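To start, the structure itself, in structure tokens.
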Amino acid sequence: MRALTVFAVIVAALYALVFFTGDKSPTPELGIDLQGGTRVTLTARTPDGSTPGQDSLRQAQQIIETRVNGLGVSGSEVVVDGDNLVITVPGDDSSQAKSLGQTARLYIRPALGSQQAPAPGSVPAPEAPAEGAPEQGSPEAAAAEIAKAKETRQSQDPTVQQQAMAALDCSAPDPLQGNDDPALPLVACSTDGTAVYLLAPSIIDGQEISDATSGFNTQQSRYEVSLSFKSGGSSTWAQFTADNIGKQAAFTLDSKVVSAPVVQGATPAGSSTSITGQFTQTQAQELANTLKYGSLPLSFSASEAETVSATLGLASLEAGLIAGAVGLVLVLVYCLIYYRMLGLLTALSLILSGVMVYAVMVLLGRYIGFTLDLAGIAGLIIGIGMTADSFVVFFERIKDEMREGRSFRSAVPRGWARARRTVLSGNAVSFIAAAVLYVLAVGQVRGFAFTLGLTTILDVVVVFLVTWPLVYMASKSKFWSKPGVNGLGAVAQVARERKQVAASATTSPETEA
């Protein structure tokens, strides 16, 4: 039937995306409680060396949480610890955790010149601090480094600018890192450390960005980030591109040049523009999220990443999956005993549902950072159980129709007409409950609500595109219509007895008391 064909196309498309897109393995991403993670401590730095305010730290915490966990399903954690922020992300990718602490101060600056960056080690090492100078690593020392860097790298003297370009070590930590003055010129490294740029004052602030998305440019065969500006930034960018065709515009993020494309033509006001570079899919997504969710109120330096062991581990995952599998098998055995052929169709529908759910889990992990933890697994198991409930509603409606004297063949479409409203109503209530829980909850409870709501939607897809067509096709078959095969002989017998009682009641003579 057409519905089965649609389902087959959906599953084929999902697995085509699983195996032929992305640069990750075709397995779901696991949460911190199952596979462990990486922890990085971010230490706040202020330009004047003062202690950061708690309000600024909490604001930075919220922004970083949104960057890494925009949908609340990545399983990452961001907590305030004194004057620090502690970020824990699933897996062992320390670069991801460190990148979350980017101040994300984006400016668009005209490029005045560029040259190859000095080779590592060719730049003289900085002089030892003078006696009485602030202790290295202290807030006062950090403030002094920022001020010294501004004197040279943001000087308006052309001679000092050229000296700064020749002396800038792109392999060393950048003391400016988001603390540069946008109203002054800037000598900055490219993010890959291969080039040094002399940049004019900023023409557009990153606060003018209204949205940022990542995607794959099929024509250029590369990942890029697309920016949409607010009205002021859009007008400025349109005027700049019209007046500077053939010149470079540098996109600087936290005092480093992310991309310095040559203006090929005028960009109309209201149109989006792209940041291009040697991005991987993950890097493009991270940059888009960083720009989209705003800049941090503080600058941070990151500690060395440390590994966090799994709190539950694969043994707990296996135990949870075994428990779910045992429960599922018991449900299937009950359905086979009670419904026979219809129970077999239940098993097939649940298997196909599981096949689709697995592909969706993989793709969600790949594209929105979803990680599967034990709470999420619980949501999946409950959702699949609700799918079995939908089958029971349908089958009982068929039995009701047969008790009224209809054949299996005629009872199926009439039973479906009655059951689908109940199925939709029940799933709507479950989805609303999951949605409310998702909005109000935090942490792993949010992951539970997400998977519960997802499987509720997939339940409707499976029941409408798989179960109903299979039962309808079975009702057209002489073999599957046999009471000994479909398990509905007792129901048919009840219908016959009711007919006999009704017939005898109408033919028997009336008696008077």
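If I go through the range 156-188 residue by residue, how many of them are of a type outside the set (Ser, Thr, Tyr) and open to solvent by 60 Å² or more (accessible area, probe 1.4 Å)?
Selection size over the range 156-188: 8.
Residue 459 fails exactly one of the following numbered conditions: (1) open to solvent by less than 50 Å² (accessible area, probe 1.4 Å); (2) touching a residue at least 12 places away in the same chain (Cβ under 8 Å); (3) within 30 Å of residue 65 (Cβ to Cβ). What is the number of that condition?
Of the numbered conditions (1) open to solvent by less than 50 Å² (accessible area, probe 1.4 Å); (2) touching a residue at least 12 places away in the same chain (Cβ under 8 Å); (3) within 30 Å of residue 65 (Cβ to Cβ), the odd one out for residue 459 is (3).
So residue 286 ticks every box in (1) open to solvent by 60 Å² or more (accessible area, probe 1.4 Å); (2) under 22 Å from the mean Cα position of the chain (by Cα) but one. Which box is left unticked?
It fails just one condition, (1).
Starting from the range 159-184, keep only residues that are free of Cβ contacts under 8 Å to residues at least 40 places away in the same chain and closer than 21 Å to residue 106 by Cα, then list their pairs with residues that are open to solvent by less than 60 Å² (accessible area, probe 1.4 Å) and outside any loop (DSSP other than H, G, I, E, B) whose Cβ atoms are within a distance under 6 Å, requiring at least 6 positions of separation or different chains.
From the range 159-184, the pairs are 175/146; 175/149.
Looking at the range 464-483 only, could you name the residues that are among the aromatic types (Phe, Trp, Tyr) and over 44 Å from the mean Cα position of the chain (by Cα)?
Of everything in the range 464-483, those that are among the aromatic types (Phe, Trp, Tyr) and over 44 Å from the mean Cα position of the chain (by Cα) turn out to be 479, 480.
State yes or no: is residue 472 assigned to a helix (DSSP H, G or I), touching a Pro at 6+ places or on another chain (Cβ under 8 Å), in contact (Cβ under 8 Å) with a residue 24 or more places away in the chain and at negative phi?
yes
Name the pairs: first residue in the range 213-239 and surrounded by 20 or more Cβ atoms within 10 Å (Cβ to Cβ), second residue part of a loop (DSSP other than H, G, I, E, B) and among the aliphatic types (A, V, I, L, M), Cβ to Cβ under 7 Å, at least 6 apart or on different chains?
Close Cβ pairs (under 7 Å, with a partner that is part of a loop (DSSP other than H, G, I, E, B) and among the aliphatic types (A, V, I, L, M)) amount to 234/269.
Filter the range 40-62 down to residues that are of a type outside the set (Val, Ile, Thr) and at pLDDT below 80 and give me whichever is most open to solvent (accessible area, probe 1.4 Å).
48
Can you pull out the residues in the range 27-58 that are in a helix (DSSP H, G or I) and acidic (Asp, Glu)?
Residues satisfying the conditions are 33, 55.
From the list 354, 379, 324, pick out the single residue that is surrounded by fewer than 18 Cβ atoms within 10 Å (Cβ to Cβ), within 27 Å of the chain's Cα centre (by Cα), at pLDDT 85 or above and not charged (D, E, K, R).
The unique qualifying residue is 354.
Those residues that are touching a Cys at 6+ places or on another chain (Cβ under 9 Å), crowded, with 19+ Cβ neighbours inside 10 Å and aliphatic (A, V, I, L, M), I need them from the range 189-212; list them, please.
Hit for the range 189-212 is 196, nothing else.
Consider residue 65 against the criteria (1) more than 21 Å from residue 369 (Cα to Cα); (2) modelled with pLDDT under 85; (3) open to solvent by 60 Å² or more (accessible area, probe 1.4 Å); (4) not in a loop (DSSP other than H, G, I, E, B): it satisfies all of them except one. Which criterion is unmet?
(1)
Can you report the number of residues in the range 398-437 which are in contact with a Phe, Trp or Tyr (Cβ under 6 Å, 6 or more places away or on another chain) and either free of Cβ contacts under 8 Å to residues at least 12 places away in the same chain or of a type outside the set (A, V, I, L, M) (or both)?
Counting residues in the range 398-437 that are in contact with a Phe, Trp or Tyr (Cβ under 6 Å, 6 or more places away or on another chain) and either free of Cβ contacts under 8 Å to residues at least 12 places away in the same chain or of a type outside the set (A, V, I, L, M) (or both) gives 1.
With the structure loaded, tell me whether residue 290 is over 21 Å from residue 198 (Cα atoms), of a type in the set (Ser, Thr, Tyr) and touching a residue at least 60 places away in the same chain (Cβ under 8 Å) or whether it fails that test.
So residue 290 passes the test.
So if I check each of 204, 245, which one is at pLDDT 85 or above and within 24 Å of residue 156 (Cβ to Cβ)?
204
Does residue 278 meet the test of being open to solvent by 60 Å² or more (accessible area, probe 1.4 Å) and in contact (Cβ under 8 Å) with a residue 60 or more places away in the chain?
Yes: the conditions hold for residue 278.
Within the range 250-274, how many residues are touching a Gly at 6+ places or on another chain (Cβ under 9 Å), of a type in the set (S, T, N, Q) and without any contact (Cβ under 8 Å) to a residue 40 or more places away in the chain?
Adding up the residues that qualify gives 2.
Out of all the residues in the range 283-296, is one or more at positive phi, in contact with a helix residue (DSSP H, G or I) (Cβ under 9 Å, 6 or more places away or on another chain) and of a type outside the set (D, E, K, R)?
yes
Out of 421, 397, report the one residue that is surrounded by fewer than 18 Cβ atoms within 10 Å (Cβ to Cβ) and more than 24 Å from the chain's Cα centre (by Cα).
421
The values are calculated or read from the model by the stated rules, or taken from the named source; none is laboratory data. Quick caveat: nothing in here was measured; it's all calculated off a predicted structure. Every residue, glycine as well, gets a Cβ built from its backbone with ideal geometry; the counts of neighbours run over all protein chains shown. For the accessible areas, the whole protein counts, side chains as well, though only heavy atoms, and no ligand, DNA or RNA atoms are used. Shrake-Rupley method; radii C 1.70, N 1.55, O 1.52, S 1.80 Å.
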